[in-house]
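To keep things clear, I will list the structure first and then write my remarks on it.
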Amino acid sequence: MTRRIINLTQNNSLSEILRITALTLTKLNHQVTYESYDNELEFMKRAEDENINLILVDLEFNKTNILEVINKIRKNPNSSHKKIMGYFENNLNQKNPAFEAGCDSVMTVEELKLISNNLFSF
């Protein structure tokens with residue numbers, strides 16, 4: 001079964017690391033797809049797809065209110081059951097509001113980099 005992961009971010013360097021992680025795992029016989037979006041509408045449409053397993057959101061995404069995006073995902077019957085992981089680089093104040101909005105997990109960018117191999121594998 002393919003593990004499908006989507007990410008809403010403007011952090012191109014992190015997105016590239018996650019893309020390479022997914023490609024590396026695929027070469028090691030793990031079925032992983034990773035898609036990165038910087039457009040809320042495209043991201044929200046993709047989040048509804050029944051095949052998406054994990055939703056990553058950059059809590060410092062400044063093109064929209066990211067907490068509202070998380071709320072919309074949780075309220076939509078097509079995506080309400082999916083795992084949502086939020087991450088931040090500098091703004092620790094986003095942690096509690098992200099949990100309240102519906103994130104299952106919140107971590108720093110550095111923590112996400114460290115666990116991405118395991119996260120994408122299972």
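Readers should treat all values here as calculations from the given coordinates under stated rules, not as data from a laboratory. These figures come from a predicted structure and were not determined experimentally. Please note: Cβ atoms are built from the backbone with ideal geometry, for glycine as well, and neighbour counts cover all protein chains shown.
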Quick one: Cα centre-to-centre distance for the range 1-18 and the range 19-59, in angstrom?
5
In whole angstrom, how long is each semi-axis of the equivalent ellipsoid of the chain, when you take the square root of 5 times every eigenvalue of its Cα gyration tensor and sort them from largest down?
21, 17, 13
Add +1 for every Lys or Arg and -1 for every Asp or Glu among the other residues with Cβ under 14 Å from the Cβ of Phe122, and state the total.
+3
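Taking Cα pairs under 8 Å and at least six residues apart, what relative contact order does the range 3-121 come out at, in percent? It would help to have the intermediate numbers written out before the result.
Details: 197 pairs, mean separation 34.3, N = 119.
Averaging sequence separation for qualifying contacts and normalising by length gives 29 percent for the range 3-121.
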What do you get for GluC sites (Glu not before Pro) in the range 1-55 restricted to DSSP loop and a cutoff of at most 15 other Cβ within 10 Å of the site's Cβ?
Glu48, Glu50
